[in-house]
Amino acid sequence: MKKSVYDYYIITREHRALRSPLSAEFVSEYTKTDLSPDERVCRRFEIVCKNEQPKIHPDEKIVLVRTVCDVKDCFSEEEWAEIKKDHYIHELGYVSNLSLDYERVLQTGLLSIKENATEYQARVIDAIIDLCDRYKEEAAKMGRNDIVEVLTQVPRYKARNFYEALQFFRILHYSLWLEGDYHNTVGRFDMYMYPYLEADMKKGLYTEESALELLEDFFISFNKDSDIYPGVQQGDNGQSMVLGGSDLEGNYYFNTLSKLCLVASRNLKLIDPKINLRVCKNTPVEIYELATELTKVGLGFPQYNNDDVVIPGLIKMGYAPEDAIEYTVAACWEFIIPKVGNDIANIGALNFPQVVNNALRSENFDSFDDLMLSVKAGITAECDKITSSINNVWFAPSPFLDLLRSGRKYNNFGIHGCGISCAADSLAAVKKYVFDEKKFSLERIIKAIDDNFESDPELLHVLRHEAPKMGGDDSDASTEMSCIITEMFADALEGKKNCLGGIWRAGTGTAMFYLWHARNLGATADGRLAHEALGTNFSPTLTAKVNGPVSVIEAFSSQNFKRILNGGPLTLEFASSIFADDSSISKVAALIRYFIARGGHQLQLNAVNADVLKSAQKTPEEFRQLVVRIWGWSAYFIELDKEFQDHVISRQEYTV
Amino acid sequence: MHDSYSKVSGLIFDIKEFALHDGEGIRTTVFLKGCPLRCIWCHNPEGLSPKPELSVKKNRCRNCGLCQKGCSHEECKGLNRCLHICPDNLVERIGTYIDSDTLARKLLKQCDFLNACGGGITFSGGEPLLQHEFLCDVIKKLKGKVHIAIETSGFAPSDIFKKVIQLCDFVYMDLKIADKEKHIKFTGADNSVILQNAEILKSSGIPSTFSVPMIPGITDSEENLAEIRKIAGDTPIRYLKYNPLAGAKYDNIGKEFLYKESK
């Protein structure tokens, strides 16, 4: 990639100035009340394509950038309200969070696909081909014969080489976003793309170096329009890429393209694509070390996924072995099956600490076991409430996306498990002080929770700073509780069917619920004050004094993940200073291998410097490129709401 | 608290996981409390006193006054502060008595991990040799199960020095100042026994490295470093960068930081 391309799209972002909103006149053409939903979505696609202006940077290789912005929804708020009367609408109501069959389309081309397409699908295919033809004309005007040649072949026909395959992918991905589908993941990119690169390298068309250059140009394309993609915060856009992986026999695959993707991400330091790495006990040390080089630059990539746990876990849940080995991750960390999966992996969230708080005051307990029965009943009731509230799910039509599906074999729903460490620490504290040592009465704890510890500072100190914590002192006591409540979660969902005939999956992720659940959550028995945020995903409580990363790994890799496998990683935050000397790479890599060997399911490491983050809050203009990891994605720090910024600053940070 | 059944009990002030700079591989470092030297640049002042002591992190204190209201805890007697009330945990007792069995058991839990990544356990301080009986007792319980290193100032009677290093797989020993008078001036002690122990270490055949803290204006002179190289002979030397943030911890324990870096 040429530096000028990076500067244009990333530093100065001049391309954003070329955008203009879609005029009201055009909007009215696809929002007329007498139009069917299919007609609206299709017509909007056609209109936006027609209004798009081909813009090519003179030095770029991979083209297509959005110039039409502020594209209004196909449906009015009133219409959505009407739809919601009879249907469950997931998030924005458009299809999201799937990993599609790019591979098949790259191998066939859109014209071939069109032969079996519906009327609407044929129209969107024509619209995107027309836009690509206008790009081709623009390229011809600029004398860019390389682009002309590529666009003569794709998207009409199959990709014949690495360059065409990358450009074709860009066209497909661009079209998904344009249609309104979101959290459009990238899937096992190194597996379906490598045959093109391998063949080209055999022909002598690329060296690793020149392939990397093209790959970097391609990586930029994920960042051209990402500010107009929908998400809870800037950066929450689901462009997840998964690298590496093993088969059922435990053979591990990691090819030249896998390696180049890690290197490209490290070189570019961009928040997209979001890099995931599948590993297993047979993954060579060198791959961990290469991946740690990426961790070192501070993007929060890669996220590690343990095949030794995930594949058998998915099979246990009912996924066919040949599909389980193909698993990838959704927007953040939810394990999903590419091509044939239709799971909604983030449809709800269980608020563990709220369940514990309710249980504590439900009756007078003679024993801790009685209390745990009440916790179990609470978890079951909460799960029942969530599962029974989701019926008749409706999505806006997605003619283009449907072209990239190769089935709807799996229709499972996933529920996040939020605040596990807070709930586990709370229960361990109650067990220790109320039932074992009889130091405090349960009434005293409940009263303190009710008045946010204001009248009982002594209790606050003990619960917050001296009580058992996962990863801290007396970690085993808390960890045991986390094992019990996660099993209860799995039990509560076991055997339930959802409205699409699929199962319900329990998970350890939080998504944004670590803030949302905390807003209405009173104080908790672990000494957390009312409204204080919970930990992101499967991580220690923010105020817990942990013993260090080894103890944290031990605490957070002890659970039966095969039963709580919706996804949600342990997050370790390292001070960036630990990477100061070269030997730290192999040492951090050894720590990751320990986590994998212990049977942890998912791990995410950050290299952060709290001082830098605080400075960035004060003078944001000086830190425009500073990247941090949020909950399952990375973002430019200064573009986040302060609430999210503060949480990053207050997370555990290990120094040496 | 002394455990009645334990043979030997010691005082430690921290156990640090994932130490990357205290020897080979990833290590867990145990800090033993108490040191006979008084190096004016000391960056672990909480390791100096051989007794538990009070630490109050005043810079984050909200002055709520809770810790000074009086309490009935046995362990708070005579401190004029309560250890069990601060909402931000700024009032702490530094130093925990632990018996050798308990400590060894705690450390053994991490051995699989430490062995797997070519690391081990390091005993540091303070001056670990000050609690040599406790130290030897713990090391004997770990011996052969995990790699053991020690970080010592070398300021200890030679028979004790010899006894301890023979139990270790690796020894880091400080060589701070070669000149006797300057050594007395800046560390409070004569270095004769240190030099004697350096010779013992060199001839012991135990893998070792001498550590030189690079204190601006005191140890980092070419003259001193040349002398130290002479003393070290064939034994490798590592030079430790001065930590400019060292002074911050003194205030917490009510001590004064005497070293001022001058340009």
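Every number here is computed from the coordinates shown, using simple stated rules; none is lab data. Bear in mind that the values here come from a model prediction, so they are computed numbers and not experimental data. In this analysis, Cβ positions are derived from the backbone assuming ideal geometry, glycine residues included, and neighbour counts consider all displayed protein chains.
Descriptive notes on the structure:
- Extended-chain gain in nm, criterion 0.36 nm per residue less alpha-carbon gap, residue A:85 and residue A:210: 39.5 nm
- Packing-based exposure ordering (other Cβ within 10 Å, fewest first) of A:504, A:633: A:504, A:633
- When each of the peptides B:206-217, A:594-605 is scored by the mean number of other C-beta atoms lying within 10 Å of its residues, the order from highest to lowest reads A:594-605, B:206-217.
- Linear extension gain, residue A:145 paired with residue A:203, 0.36 nm per residue minus alpha-carbon span: 18.8 nm
- The simple Förster model, with R0 at 25 Å and r as the Cβ-Cβ distance, assigns residue B:97 and residue B:64 a FRET efficiency of 0.25.
- FRET E, pair residue B:72, residue B:220, Förster distance 45 Å, beta-carbon r, rounded to 0.05: 0.30
- Separation of alpha-carbon centers, segment A:394-432 and segment A:562-579, rounded to whole Å: 18 Å
- Here's the picture: charge each Lys and Arg Cβ at +1 and each Asp and Glu Cβ at -1 in segment B:54-94, and of B:68, B:78, B:94 the one pushed furthest to the positive end of that dipole is B:68.
- Inter-part distance where segment A:506-524 and segment A:93-152 are each reduced to a Cα centre, Å: 41 Å
- Distance between the modelled labels on residue A:18 and residue A:452, one decimal in nanometres: 5.2 nm (7 Å Cα→Cβ projection).
- For residue B:125, the amide hydrogen comes within under 5 Å of the amide hydrogens of B:32, counting only partners 5 or more places away or on other chains and with H modelled in the peptide plane.
- Model label sites at residue B:204 and residue A:520, defined 7 Å from Cα along the beta-carbon direction, differ in position by 6.5 nm.
- Between the Cα long axis of helix A:307-317 and the first principal axis of chain A there is an angle of about 90°, rounded to the nearest 10.
- Per-residue HN-Hα couplings for segment B:68-83 [Karplus 6.51, -1.76, 1.60; θ = phi - 60°; Hz; x = Gly/Pro]: 10, 6, x, 8, 10, 5, 4, 6, 8, 4, x, 8, 6, 9, 9, 7
- Spacing of the two label points (7 Å from each Cα toward its C-beta) at residue B:108 and residue A:72, in nm: 7.4 nm
- The string of couplings for segment A:574-586 from the Karplus curve (6.51, -1.76, 1.60, θ = phi - 60°) is 10, 5, 4, 5, 5, 8, 4, 10, 4, 5, 5, 4, 5 Hz, one whole number per residue in order, with x for Gly and Pro.
- Summary of packing: across the peptides A:168-176, A:564-572, the per-residue average of other C-beta atoms within 10 Å ranks them, highest first, as A:564-572, A:168-176.
- Estimated dipole of chain B in Debye, rounded to 20 [Cβ of Lys and Arg +1, of Asp and Glu -1, Cα centre]: 560 debye
- Computed packing ranks the peptides A:100-107, A:541-548, B:177-184 as A:541-548, A:100-107, B:177-184, most packed first, by mean other Cβ atoms within 10 Å.
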